[in-house]
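**Q** One structure is given below, represented as structure tokens, and several questions about it will come after.
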Amino acid sequence: MKPVVVENIVQKYRIKKTVVDALKGISFTVEKGELFGIIGPDGAGKTSLFRILTTLLLAESGNAWVDGFDVVKDYKEIRNRIGYMPGKFSLYQDLSVQENLEFFATIFNTSIEENYDLIKDIYQQIEPFKDRKAGALSGGMKQKLALCCALIHKPSVLFLDEPTTGVDAVSRKEFWEMLHRLKEQGITILVSTAYMDEASLCDRVALIQKGEILSINTPDGIIGQFEKPLWAIKAKEMYPLMNAIKDDPEVESCYPFGQYHHVVFKTQENSKQKLENIARAGHYTNVEIEAIKPNIEDCFMALMED
């Protein structure tokens, strides 16, 4: 029995006379003890999918099971078995850290002491502030408290919807380290994120865009599917350079990435020379060109082009 099975889930939203397709026949499975990432930009359908799997939203059509239980027929059983951390901080802001944790433990007929070993590594970081109101916590501490509350009843499957959005880089790193420690305890984790660099921290990922899954594979497997040479180019005149590259009929894609533009040509022959010719024709200055290895974001852009 797989912890999560999704079969052809469709979800639509009707806004006045407009129908928005949030999910277009999503299907995938998650293995026991796996850290599975749903990776995609805002509006891709991640939150709709998580709300369906956590029994908070009925799908238009399709089926899904969590821990072998149907998300529609067995919603009460599922709610007792899963942990859910929504994208927006949803704890009681006028209760203290300690009061929030005690409240969620009581809901599930357990106590902080009973499952303390599960949350110990996380809770010890916020325990010095246990009497502080949740609303007065920093973003990173709110994140840790929400994770503790989602874990306090020892769930078998943990759903985390964009948990690192809006927190600093150090807190993001700490959070993923916590997830890997939880995974070692046998908890199946589904995490959604818009940060492409976080894909490499998952066992497997599903790249999603506009309600459709573009690819499901390990991070290395997705990168391995990128077959064409990838070039990075920069110059002092970055915006005119990008327009000139995009105007070339032999260019398949060009998009900004940090201080560089990443460029893929339709054919591999003489691709560096083609870039040099474009730069020379435009009289751009301080030009740098180098061949680079693709990352997940490059693969996502290529899949979108396809």
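**Q** Looking at (1) modelled with pLDDT of 90 or more; (2) buried (at least 16 other Cβ atoms within 10 Å of the Cβ), which is the one condition that is false for L182?
**A** The single condition L182 does not satisfy is (1).
**Q** How about the stretch 1-51: which of its residues are among the hydrophobic types (A, V, I, L, M, F, W, C), more than 16 Å from the chain's Cα centre (by Cα) and part of a loop (DSSP other than H, G, I, E, B)?
**A** Of everything in the stretch 1-51, just one residue is among the hydrophobic types (A, V, I, L, M, F, W, C), more than 16 Å from the chain's Cα centre (by Cα) and part of a loop (DSSP other than H, G, I, E, B), namely M1.
**Q** Scan the stretch 190-219 residue by residue and report those that are over 26 Å from H261 (Cβ atoms) and in contact (Cβ under 8 Å) with a residue 40 or more places away in the chain.
**A** L190, V191, S192, L201, C202, D203, R204, A206, G211, E212, I213, I216
**Q** On to the next question. Under 7 Å between Cβ atoms, at least 6 apart or on separate chains: pull out the pairs that start in the stretch 259-273 with a residue that is assigned by TED's automatic domain parsing to the domain that holds N295 and among the aromatic types (F, W, Y) and end on any residue that is at pLDDT 85 or above and in a loop (DSSP other than H, G, I, E, B).
**A** Cβ pairs passing all conditions: F265/E250.
**Q** Does the stretch 242-267 hold any residues that are within 29 Å of the chain's Cα centre (by Cα) and of a type in the set (S, T, Y), and which are they?
**A** Across the stretch 242-267, the qualifying residues are S253, Y255, Y260.
**Q** If V263 satisfies all but one of (1) touching a strand residue (DSSP E or B) at 6+ places or on another chain (Cβ under 9 Å); (2) modelled with pLDDT under 90, what's the number of the condition it fails?
**A** Answer for V263: the failing condition is (2).
**Q** Counting only residues that are in a helix (DSSP H, G or I), β-branched (V, I, T) and farther than 18 Å from G221 by Cα, how many does the stretch 255-306 have?
**A** Number of matching residues: 1.
**Q** Of the numbered conditions (1) farther than 30 Å from S27 by Cβ; (2) outside any loop (DSSP other than H, G, I, E, B), E252 satisfies every one except a single condition; which is it?
**A** Result: E252 fails condition (1) only.
**Q** Right, next: Within the stretch 1-32, count every residue that is within 25 Å of I187 (Cα to Cα), surrounded by fewer than 15 Cβ atoms within 10 Å (Cβ to Cβ) and hydrophobic (A, V, I, L, M, F, W, C).
**A** Counting residues in the stretch 1-32 that are within 25 Å of I187 (Cα to Cα), surrounded by fewer than 15 Cβ atoms within 10 Å (Cβ to Cβ) and hydrophobic (A, V, I, L, M, F, W, C) gives 1.
**Q** Return the pair list, or none, for Cβ contacts closer than 9 Å from residues in the stretch 220-246 that are free of Cβ contacts under 8 Å to residues at least 40 places away in the same chain to residues that are part of a strand (DSSP E or B) and charged (D, E, K, R), at least 6 apart or on different chains.
**A** G221/R204
**Q** Taking the stated definitions as given, is A59 touching a residue at least 60 places away in the same chain (Cβ under 8 Å) and surrounded by 14 or more Cβ atoms within 10 Å (Cβ to Cβ)?
**A** Details: touching a residue at least 60 places away in the same chain (Cβ under 8 Å): no; surrounded by 14 or more Cβ atoms within 10 Å (Cβ to Cβ): yes.
So A59 does not fit the description; no.
**Q** Looking only at the stretch 118-142, count every residue that is under 20 Å from L160 (Cβ atoms), free of Cβ contacts under 8 Å to residues at least 60 places away in the same chain and touching a Leu at 6+ places or on another chain (Cβ under 9 Å) and tell me the total.
**A** Number of matching residues: 7.
**Q** S253: of a type in the set (S, T, Y), outside the structural domain of N217 (by TED's automatic domain parsing) and under 26 Å from P41 (Cα atoms), yes or no? Show your work before the answer.
**A** On the way: of a type in the set (S, T, Y): yes; outside the structural domain of N217 (by TED's automatic domain parsing): yes; under 26 Å from P41 (Cα atoms): yes.
Against the criterion (of a type in the set (S, T, Y), outside the structural domain of N217 (by TED's automatic domain parsing) and under 26 Å from P41 (Cα atoms)), S253 qualifies.
**Q** Name the residue that is surrounded by the fewest Cβ atoms within 10 Å (Cβ to Cβ), counting only residues in the stretch 86-121 that are part of a loop (DSSP other than H, G, I, E, B) and among the small types (G, A, S).
**A** S90
**Q** Starting from residues that are surrounded by 15 or more Cβ atoms within 10 Å (Cβ to Cβ) and without any contact (Cβ under 8 Å) to a residue 12 or more places away in the chain, keep the ones in the stretch 71-85 and report whichever is nearest to N109 (Cα to Cα).
**A** Checked the stretch 71-85; the qualifying residue nearest to N109 (Cα to Cα) is E77.
**Q** Next up: For the stretch 128-148, what are the residues that are under 19 Å from W176 (Cβ atoms), out of contact with any Ser or Thr (no Cβ under 6 Å at 6 or more places or on another chain) and assigned to a helix (DSSP H, G or I)?
**A** Correct list: G139, M141, K142, Q143, K144, L145, A146, L147, C148.
**Q** Please state which of the following conditions V4 fails to meet, knowing it meets all the rest: (1) of a type in the set (A, V, I, L, M); (2) free of Cβ contacts under 8 Å to residues at least 40 places away in the same chain; (3) in contact with a strand residue (DSSP E or B) (Cβ under 9 Å, 6 or more places away or on another chain).
**A** Status for V4: all satisfied but (2).
The values are calculated or read from the model by the stated rules, or taken from the named source; none is laboratory data. Just so it is clear, the model here is predicted, and its values are computed rather than measured. Here Cβ is always computed from backbone atoms with ideal geometry, including for glycine, and neighbour counts include all displayed protein chains.
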